[in-house]
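The structure appears below as structure tokens.
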Amino acid sequence: MLRKGNVLYCLDSSFCRVQAARPELPAWLLTRTVFPWPTMASVSVTVLVLLFSVLPSAASPADAAFRKVSFDTSDGGKIHANLYGGGAHGVVLAHGAVFDKESWDEQATRLVRAGLRVLAIDFRGYGDSKPGSLRRALYLDILGAVEYLEETGCERVSVVGGSMGGGAAARAAAEAEPGSIDRLVLLAHSPIDDPAAMRGDKLFITTKGDHLPARRRQFDQASEPKKWVVLDGSSHAQHIFKTPQAKELMERILDWLTDQH
């Protein structure tokens, strides 16, 4: 079957060549038994671009491009991450327990389109990331990511964390130096002991059926500025991106990170 992005060249009546429009895809030679074109196809090279090869897609390869980077944590760990974009406002994406850095690819693409630089990390113990001396200190991975973005040119850094990653982001915001974390998005985060200590502008997002009272208590204890958003449904954290609420969730995150408030 021909795939999107392929260009079909009929060189003569005996065979055709399907050349991938993207260089990383292979090319195939197809015999006339597969494509029995009429004899008139034997005129000089005829190029037929399949209609679906020019239809727009949700994200172009350039949008989704990233490069793999790594950085050290203060306790000697090594964290691997995907770095997208190049804006002056950096955003750390911290995944939940059943996810990894690749799980943020679609959201990272949207953030890059809004002019943000995005660093999606693998927590220690995930992928190639290695723990340091404090094996369970996930918040150190986020603080290391914040420092990496600052050292590579970001003028301010925000953090988005889901579930386990949200708890680590909340702890990082409590431990961070004043001003190092600009904005914080806590997507159904795991609770922390000292929510009042979190720094930065805080957006709490959850769904109606996802342990709402416990998450509300965390919000009530947090300092201003802060905002509370409850979406329909009962999906948890990053799982919301698989539901009808995905669009609203992404818009809320984008508004919080990019708007003046």
**Among the listed pairs 68/227; 78/101; 101/227; 78/247, those beyond 22 Å (Cα-Cα)** = 68/227; 101/227; 78/247
**Request:** Describe numerically, in nm with one decimal, the distance between label points set 7 Å from Cα along Cα→Cβ at residue 75 and at residue 98.
**Result:** 2.6 nm
**Prompt:** Taking only C-alpha pairs under 8 Å that are 6+ residues apart, what is the relative contact order of segment 61-258 in percent?
**Reply:** 17 percent
**Message:** Test of understanding: extend the Cα→C-beta vector of residue 228 to 7 Å, then name every residue of segment 170-206 with backbone N under 14 Å from that spot.
**Reply:** 203-206
**Request:** Could you list 160, 230 in order of exposure, starting from the residue whose Cβ has the fewest other Cβ atoms within 10 Å?
**Result:** 230, 160
**Request:** Would you work out which of 162, 89, 133 lies farthest towards the positive end of the dipole of segment 61-258, given +1 charges on the beta-carbon of Lys and Arg and -1 on that of Asp and Glu, about the Cα centre?
**Result:** 162
**Message:** Using Cβ contacts closer than 10 Å as the measure, can you line up 89, 236 from fewest to most?
**Reply:** 236, 89
**Neighbour-count ranking [beta-carbon atoms within 10 angstrom, fewest first] of 101, 68** = 68, 101
**Tensor-based shape of segment 61-258 (alpha-carbon gyration tensor, a/c under 1.5 rounded, otherwise prolate or oblate)** = rounded
**Asked** In whole Å, what is the distance between the alpha-carbon centres of segment 152-228 and segment 62-112?
**Response** 18 Å
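Rule-based calculations on the coordinates, nothing more; no lab input. Note that this is a predicted model, so its numbers are computed, not measured. So basically every Cβ, Gly included, is an ideal-geometry build from the backbone, and we count neighbours across all protein chains shown.
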